[in-house]
Amino acid sequence: MQSIRILVLLFFISVASFAQVGVFTYKKIPTVKLKTVKGWPFTSDSITNQGKPIIISFWATWCKPCVRELTTIADVYDDWVDETGVKMYAISIDDSRSMTLVAPMISGKGWDFTVLLDPNSDFKRAMNVGPIPHTFLLNGKGEVVFQHTSFAEGDELGLIDMVRKLNRGEEVK
C-alpha cells in the first residue's frame, strides 16, 4: 500500500513538473531612477515603445564584448527600426570615474539608440544583471520575454528573429 502511495505521489510530481516546461514568467521591469547622458533624470518606467518590442542592453565602456555587441547592433539598427519598430535602450553601468567616457564613445561609434546611465548600478541590481553584456528583450506590453549574457558574432541575428516573432504575435523561446 505504501509503495502505491509513493508511485502515485511521484506520478503527480512528474506531471506537475512537466506542466511547467516551456512556461515563462513575464516580468515587468522595475521602476528605478536613471540619468540621460546629458545628466537629466530619467526613470526606467519611461522605457516604452508604443506597443512594439524593446531591447535593453546593460554595458560599460571598459567591456569589450559590450562595445562589440552595441556596435554590431548599431550597424543594422536603422534597418531593424524600419522593419519592426523595435527600440533599443543601452544602459551604461559605468561609475562616476568612467561615466565621462560614455558620451564620447556614443559619438565616436555613431550609436543612434537611446543610451542611459545607471551610475550606482541600481537598475542593474533591480534587474538581477550579472556579467555584462546582459541583454533583455521586452514584448509590446513591457514584459521581459528573453534575456542573455555575453556576446558572440551572430547573436544579433537571433535577437532580431525574436523581435520579428513578437511582431507576428508568436511566442519567443
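What follows draws every value from the coordinates through simple rules; no lab data is involved. Just so it is clear, the model here is predicted, and its values are computed rather than measured. Virtual Cβ from ideal backbone geometry, glycine too; neighbours counted across all protein chains shown.
Multiply the residue separation of Ala126 and His148 by 0.36 nm, subtract the distance between their alpha-carbon atoms, and state the gained length in nm to one decimal. Mind showing how you got there, number by number?
Working: separation 22, 0.36 × 22 = 7.92 nm, distance 1.61 nm.
Working it through step by step, the gained length comes to 6.3 nm.
Which FRET efficiency value, to the nearest 0.05, do you get for Thr71 and Lys141 by plugging their Cβ-Cβ distance into 1/(1 + (r/R0)^6) with R0 = 45 Å? The partial results should precede the final answer.
Numbers: r = 29 Å, r/R0 = 0.65.
Step by step, r from the Cβ atoms, then E = 0.95.
Hey, can you grab everything whose amide H is under 5 Å from the amide H of Met88? Only 5+ residues off in sequence or another chain; H modelled, so Pro and N-termini drop out.
When sequence neighbours closer than 5 places are left aside, the close amide H contacts are Ile55, Thr114.
Once phi is turned into θ = phi - 60°, what whole-Hz ³J(HN,Hα) does the Karplus curve with 6.51, -1.76 and 1.60 give for every residue of the range 51-64, x standing for Gly and Pro?
The phi angles translate into x, 9, x, 10, 10, 10, 10, 8, 8, 8, 4, 7, 9, 4 Hz.
Whose amide H sits under 5 Å from the amide H of Val145, counting only residues 5 or more places off or on another chain, with H placed in the peptide plane?
Counting only residues 5 or more places away or on other chains, the set is Leu137, Leu138, Asn139.
For the range 67-163, which GluC sites (Glu not before Pro) are both in a DSSP coil and crowded by at most 10 other Cβ atoms within 10 Å? Can you show the working numbers first?
Working: sites: Glu69, Glu83, Glu143, Glu153, Glu156; in loops: Glu153.
Filter output for the range 67-163: Glu153.
Take the alpha carbon atoms of the range 118-173, find their center, do the same for the range 74-89, and report the distance between the two centers in whole angstrom.
Rounded to whole Å, the Cα centres lie 14 Å apart.
Run the numbers for Lys173 and Thr114: contour at 0.36 nm per residue of separation, minus the present Cα-Cα distance, in nm.
Full extension of this stretch gives 18.6 nm more.
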